[in-house]
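Here is the structure we will look at, set down as structure tokens.
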Number of protein chains: 2
Amino acid sequence: MATQEQEFELLGFFKALADENRLKIIGLLAQQPRSVEELSAAIGLGMSTTSHHLERLAKASLVSARTDGHYHIYSLHTDALKEMSQRLLQDEQIRQLSELVNSDATDRKVLSSFLDGEGRIKTFPAQDKKLQVILRYVVKAFEPGQRYPEKQVNEILLRFNEDKAFLRRSLIEYRLMGREGGGGEYWRIDPD
Amino acid sequence: MATQEQEFELLGFFKALADENRLKIIGLLAQQPRSVEELSAAIGLGMSTTSHHLERLAKASLVSARTDGHYHIYSLHTDALKEMSQRLLQDEQIRQLSELVNSDATDRKVLSSFLDGEGRIKTFPAQDKKLQVILRYVVKAFEPGQRYPEKQVNEILLRFNEDKAFLRRSLIEYRLMGREGGGGEYWRIDPD
DNA sequence: AAATCATTTCCATAATTATCGAAATATTAT
DNA sequence: ATAATATTTCGATAATTATGGAAATGATTT
């Protein structure tokens, strides 16, 4: 029962760095690009092992290689490291971690394919089921019990996608939000 | 053969966050402080397991608990998270990872007890052996082959400890650096 | 003091991850 | 082509980590 579970970006990032030897590699690559052989010798591990570690780091976009002769010269993506740490500084990002709790594995897969790293919607899913997953994700930006004027609703929705009108319509249609009066007030409908 | 290896701070940080359920916990605690029971129910794990995860997070200073009746109410240390991510942004910090490569287990232990999180020297070891470990660590801030005027040497040493004079004297004494002339120039003596 | 309750600790097991040697691949040199 | 070389992939094993049930702890209530 292989858990072919596609893991989300932030988790992959931490897992990649949660190993002493991989941190060593990062440190060495921070000085200068190096070959597998060189790294392997420096940290005292077999080459196949080193290669695995590099693959893991590459999957997290922390390193990449260019080929030179027989050698694969790996170098560090300093900016990827920095971008990730900068993301951690945003409260937004941390609060989104709790999305993981409710969404099950399949939901998560949908989210990870339709959201970009910042949590914005890249494109809208055509399938109804998947669209609903996205909408449930969006609606969490609204406090239950609170009432929002249309202007504020738009502001919030714009954080997710520029097509705020489509989002607003869909949220109403799928009964995730309620609306009152003509250009009136909106509120989040409690799930349960 | 228990590897009672005391691990350094950054590695502990990443390991703590390299688990999906622990990230969920972080997300939940970002909303509000919660008890073990509550967390356990929310993420669908046994209480003992949840307790283990919390312990791991606590060891990385990411959460802490206050007691309220029978309950242990855990809350998130947002600032610890942010401080760590800010550190990652410093090149200094990343380059220090390569220190891990050369220093063996015992060296590392010395370093971790005499350095603070920023890599500065908290207090100087009394034991000669340990002092040398610290000095070898400091001397790496100097490029081999380059010559430094005393003014610049002082600047660099100040990054490690305010007692720059002691550091300068010790580096000369233990032949990790050389000096020429009266108030002259300094250079790093190549190790080998 | 006894009973109850939330949490932690202990212990055993399941799952994941790291590691290495050997074989396969791909590239350059002869 | 063949040989040499660096890296990756494969397969198997060792080491680490996650997990939950049961017992122990510590606090509160009766």
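Values in this text are rule-based calculations from the coordinates and carry no lab data. Given the structure is predicted, the values throughout are model-derived calculations rather than measurements. So basically every Cβ, Gly included, is an ideal-geometry build from the backbone, and we count neighbours across all protein chains shown.
For this structure, a couple of remarks:
- Across the identical copies, the label point of B:Asp68 (7 Å from Cα in the Cβ direction) is separated from its matches by 5.9 nm, in order from shortest.
- Other-chain or far-sequence residues with amide H under 5 Å of A:Met177's (modelled H): A:Ile172, A:Ile189
- Sequence-distant aspartates and glutamates (8 or more away, or on other chains) whose Cα lies within less than 19 Å of B:Lys59: A:Asp19, A:Glu20, B:Glu5, B:Glu7, B:Glu9, B:Asp19, B:Glu20, B:Asp79, B:Glu83, B:Asp116, B:Glu118
- Length-normalised contact order for chain A - Cα pairs under 8 Å, 6+ apart - percent: 14
- From phi via Karplus (6.51, -1.76, 1.60), per-residue ³J(HN,Hα) for segment A:146-155 in Hz, x at Gly/Pro: 8, 10, 10, x, 3, 3, 6, 4, 4, 4
- Largest GNM mean-square fluctuation across B:Phe166, B:Phe13, B:Phe114, computed for chain B with C-alpha springs under 10 Å, falls on B:Phe166.
- Charge dipole magnitude, Cβ of K and R +1, D and E -1 - the protein assembly as shown, Cα centre, debye nearest 20: 160
- Take every pair of alpha-carbon atoms less than 8 Å apart whose residues are at least six positions apart; their mean separation over the length of segment A:105-192 yields a relative contact order of 28 percent.
- Segment A:32-130 - Debye-derived log10 I(q)/I(0), Cα point model, q = 0.13, 0.24, 0.25 Å⁻¹: -0.68, -1.21, -1.28
- All Cα pairs of chain A, percent lying beyond 29 Å: 41
- Normalised contact order of segment A:55-148, rounded percent, pairs of Cα under 8 Å and 6 or more residues apart: 14
- If only the Cβ of Lys and Arg carry +1 and only the Cβ of Asp and Glu carry -1, the dipole of segment A:118-175 around its Cα centre is close to 140 debye.
- Given charges at beta-carbon only (K, R positive; D, E negative), |dipole| of segment A:1-146 in Debye: 160
- Under 5 Å, built H, 5+ apart or other chain: amide partners of A:Glu185: A:Glu180
- Estimated purely from DSSP H runs of n ≥ 4, each contributing -39500 (n - 2.57), the mean residue ellipticity at 222 nm for the protein assembly as shown is -15500 deg cm²/dmol once divided by its residues.
- Considering only chain B, percent of DSSP beta bridges that pair antiparallel, nearest 5: 95
- Distances in nm from A:Glu9 to the matching label points in the other copies, shortest first (labels 7 Å along Cα to Cβ): 2.8
- Between copies, B:Gln132 shows label-point distances of 7.1 nm, shortest first, with the point placed 7 angstrom from Cα along Cα to C-beta.
- In terms of its Cα atoms, segment A:119-186 spans 30, 20, 20 Å along the principal axes, sorted from long to short.
- Sites matching GluC sites (Glu not before Pro) across segment A:121-192 that sit in DSSP coil, with at most 13 neighbouring C-beta atoms within 10 Å: A:Glu162
- Note on chain B: GNM, Cα springs under 10 Å; of B:Thr50, B:Thr123, B:Thr67, the largest mean-square fluctuation is that of B:Thr67.
- Antiparallel DSSP beta bridges within the protein assembly as shown, percent to nearest 5: 95
- D_trans [Stokes-Einstein, Kirkwood Rh over alpha-carbon pairs] for the protein assembly as shown, 4 °C, 1.567 mPa s, µm² s⁻¹: 53
- With Cα atoms, 0 to 90° folded angle of helix B:164-173 axis to chain B main axis: 60
- An ellipsoid equivalent to segment A:1-90, defined through the eigenvalues of its Cα gyration tensor, has semi-axes of 23, 17, 12 Å when rounded to whole angstrom and sorted largest first.
- Straight-distance crosslink candidates among lysines, where the alpha carbon sits under 19 Å from B:Lys130 and sequence neighbours closer than 8 are dropped: B:Lys109, B:Lys122, B:Lys140, B:Lys164
- Positive-end extreme of charge dipole, chain A - chosen from A:Ser48, A:Ala58, A:Leu131 (charges on Cβ): A:Leu131
- For segment B:58-73, 3J(HN,Hα) computed residue by residue from phi via the Karplus equation (6.51, -1.76, 1.60; θ = phi - 60°) reads 5, 4, 8, 6, 8, 9, 8, 10, 10, 8, 9, x, 7, 7, 9, 8 Hz, glycine and proline entered as x.
- Candidates B:Arg120, B:Arg34, B:Arg66, ranked by Gaussian network fluctuation over chain B, Cα under 10 Å, top entry: B:Arg66
- Computed label-point distance, nm, for sites A:Lys140 and B:Ala126 using a 7 Å Cα→Cβ extension: 5.5
- Charge context of A:Tyr186, other residues only, Cβ under 15 angstrom, K/R +1, D/E -1: +2
- Chain A: angle of helix A:20-31 to the longest principal axis, Cα-based, in degrees nearest 10: 80
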